[in-house]
Amino acid sequence: MSEWNENANGNYVYKISADDIMTVFKKKSGDGWSGVRDSEFLKGSYDTPEEAQEAMEEFVFECNFKLAAPISRNVGWKESKKGGYYKINEAGIISVKKATSDKWYVVTPSQGILQGNWFDTAKEAMMKADQL
């Protein structure tokens, strides 16, 4: 598992090729680790990042498709349960959220909230995030 690198968010990223990565991340619920590649998430939860990494390697390199469940083939923006939007890339999860002022803002893994960037629509915020 020497190809796994921890990013600033504490996620583990394995670069398969220039445009193909897989990521292991701590679940938001705090109940373990999971992994994702091309909108296919590991089923279940793993106690350690190493266990999730092993499962991702088995899923990807040994083609054990029983370990993962396709969420969607659309790898772009997805609506969150809280009314915003998110997408996953090599750096981690990028979010677009609506403030109490009804303006939209972008949250990135490396910069946090993009200061001074408020948008009238979610689409405008997503377009800005796509440029980063």
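Quick grid of which residues meet (1) of a type in the set (Lys, Arg); (2) crowded, with 20+ Cβ neighbours inside 10 Å; (3) under 15 Å from the mean Cα position of the chain (by Cα); (4) under 21 Å from residue 79 (Cα atoms):
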residue: 23; (1), (2), (3), (4): no, yes, yes, yes
residue: 26; (1), (2), (3), (4): yes, no, yes, yes
residue: 31; (1), (2), (3), (4): no, no, no, no
residue: 45; (1), (2), (3), (4): no, no, no, no
residue: 50; (1), (2), (3), (4): no, no, no, no
residue: 55; (1), (2), (3), (4): no, yes, no, no
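For the range 47-66, does any single residue satisfy the condition of being out of contact with any Phe, Trp or Tyr (no Cβ under 6 Å at 6 or more places or on another chain) and farther than 24 Å from residue 5 by Cα? Yes, the range 47-66 contains a residue that is out of contact with any Phe, Trp or Tyr (no Cβ under 6 Å at 6 or more places or on another chain) and farther than 24 Å from residue 5 by Cα. Residues in the range 112-132 that are of a type outside the set (Asp, Glu), open to solvent by 30 Å² or more (accessible area, probe 1.4 Å) and free of Cβ contacts under 8 Å to residues at least 12 places away in the same chain: 6 in all. Check whether at least one residue in the range 72-95 is in a loop (DSSP other than H, G, I, E, B), under 20 Å from residue 9 (Cβ atoms), of a type in the set (A, V, I, L, M) and touching an Asp or Glu at 6+ places or on another chain (Cβ under 8 Å), and report yes or no. Yes, there is a match, as at least one residue in the range 72-95 is in a loop (DSSP other than H, G, I, E, B), under 20 Å from residue 9 (Cβ atoms), of a type in the set (A, V, I, L, M) and touching an Asp or Glu at 6+ places or on another chain (Cβ under 8 Å).
Which of the residues that make up the range 1-21 are among the β-branched types (Val, Ile, Thr) and surrounded by 15 or more Cβ atoms within 10 Å (Cβ to Cβ)?
Matches in the range 1-21: 13, 21.
Scanning the range 33-43 for residues that are open to solvent by 40 Å² or more (accessible area, probe 1.4 Å) and either basic (Lys, Arg) or modelled with pLDDT of 90 or more (or both) gives 37, 43.
The values are calculated or read from the model by the stated rules, or taken from the named source; none is laboratory data. It should be emphasised that the depicted structure is a prediction, and the values quoted were computed from it without experimental measurement. FYI the Cβ positions are ideal-geometry reconstructions off the backbone, even for glycines, and counts take in every protein chain you see. Side chains included, ligands, DNA and RNA excluded: accessible areas come from the protein's heavy atoms. Shrake-Rupley method; radii C 1.70, N 1.55, O 1.52, S 1.80 Å.
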